[in-house]
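Okay, structure first, notes after.
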Amino acid sequence: MNHRHFLRAALALSLCLALCLCLTGCFGRPSAQEAKDYVTTLMSGLCGTLPADGADESAAEAEALRTQLIDEVIAGFRGQGAALDEETEALIRSTLTSALAACRFTVGDAVKSGSGYDVPVTVSPLKLFRVDMAAVEAEAVAQLSQDPDLLTMSQSQVSNRVFRIMLTMIADNLDAPQYGEDVTATVRYARQDDGEYGITQDSGAAIGRVLFDLTQD
């Protein structure tokens, strides 16, 4: 299994969908400040920087958004044939939670456009794949060669072991995160089909594509 390919493909798909799972907006015509505040809350919730107060409706919805994103990533892995065990799934969740918390963004002033607003969001893309695959393979060989159960391990068990080694290296790199050059995406805040204001699907995809730098150094 090409573990890096799985991770990149699942993230690319899921991040494009993540911000389409909007927080509660408003039905009346919002002000420019309300549009900016909405996008700021959405981004802060996704990245885990809102107060973790269960009584705060926005924080609770934002946490649900973040959980949904990570669930989508894991579903993406499974959809590509990855037989993830519980330990690997737990490591994916913790690594992505840390990665989202390391994301950097700023939300600019909303600009009236038609019946809605355009809100600029500038992101410093997190370099998530600063991992040496040769080092991953070398560590996997070292660990597996010392495992007395190697001869009875299934291919799925071996793949999960290698996947966890790669995820651990990615998580270690988050202690000193590195970023690509700033990218600005425009979030469209407008009335949706249900009559409520929120961001459009294209806007969610635009933000999703720039949160992480998915290239490998």
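Residue-by-condition table, conditions (1) surrounded by 16 or more Cβ atoms within 10 Å (Cβ to Cβ); (2) closer than 26 Å to residue 87 by Cα:
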{"residue": "155", "(1), (2)": "no, yes"}
{"residue": "166", "(1), (2)": "yes, yes"}
{"residue": "176", "(1), (2)": "no, yes"}
{"residue": "179", "(1), (2)": "no, no"}
{"residue": "194", "(1), (2)": "no, no"}
{"residue": "199", "(1), (2)": "yes, no"}
{"residue": "207", "(1), (2)": "yes, no"}
{"residue": "212", "(1), (2)": "yes, yes"}
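The set of residues in region 66-81 that are part of a loop (DSSP other than H, G, I, E, B) and either modelled with pLDDT of 80 or more or under 22 Å from residue 208 (Cβ atoms) (or both) contains only 80.
Scanning region 166-208 for residues that are touching a Ser or Thr at 6+ places or on another chain (Cβ under 8 Å) and of a type in the set (A, V, I, L, M) turns up 167, 170, 171, 174, 183, 185, 187, 190, 206. Condition check for residue 214 on (1) at pLDDT below 90; (2) out of contact with any helix residue (DSSP H, G or I) (no Cβ under 7 Å at 6 or more places or on another chain); (3) not in a helix (DSSP H, G or I): one failure, at (2). Counting residues in region 189-207 that are in contact (Cβ under 8 Å) with a residue 24 or more places away in the chain, more than 30 Å from residue 35 (Cβ to Cβ) and out of contact with any helix residue (DSSP H, G or I) (no Cβ under 8 Å at 6 or more places or on another chain) gives zero. For first residues located in region 78-98 and over 10 Å from residue 164 (Cα atoms), partners that are surrounded by fewer than 18 Cβ atoms within 10 Å (Cβ to Cβ) and polar (S, T, N, Q) and lie 6+ apart or on another chain with Cβ distances below 7 Å form the pairs 83/156.
Would a scan of region 129-136 turn up a residue that is closer than 29 Å to residue 64 by Cβ and β-branched (Val, Ile, Thr)? No.
Identify, from the list 101, 32, the residue that is at pLDDT 80 or above, touching a Cys at 6+ places or on another chain (Cβ under 9 Å) and surrounded by fewer than 21 Cβ atoms within 10 Å (Cβ to Cβ).
After ruling out the rest, the residue left standing is 101.
Within region 114-143, being in contact (Cβ under 8 Å) with a residue 24 or more places away in the chain, surrounded by fewer than 17 Cβ atoms within 10 Å (Cβ to Cβ) and not charged (D, E, K, R) holds for 114, 115, 120, 122, 133, 135.
The values are calculated or read from the model by the stated rules, or taken from the named source; none is laboratory data. Remember, it's a predicted structure, so these values are computed and weren't measured experimentally. Quick reminder, even Gly has a Cβ in these numbers, built from the backbone with ideal geometry, and neighbours come from all protein chains shown.
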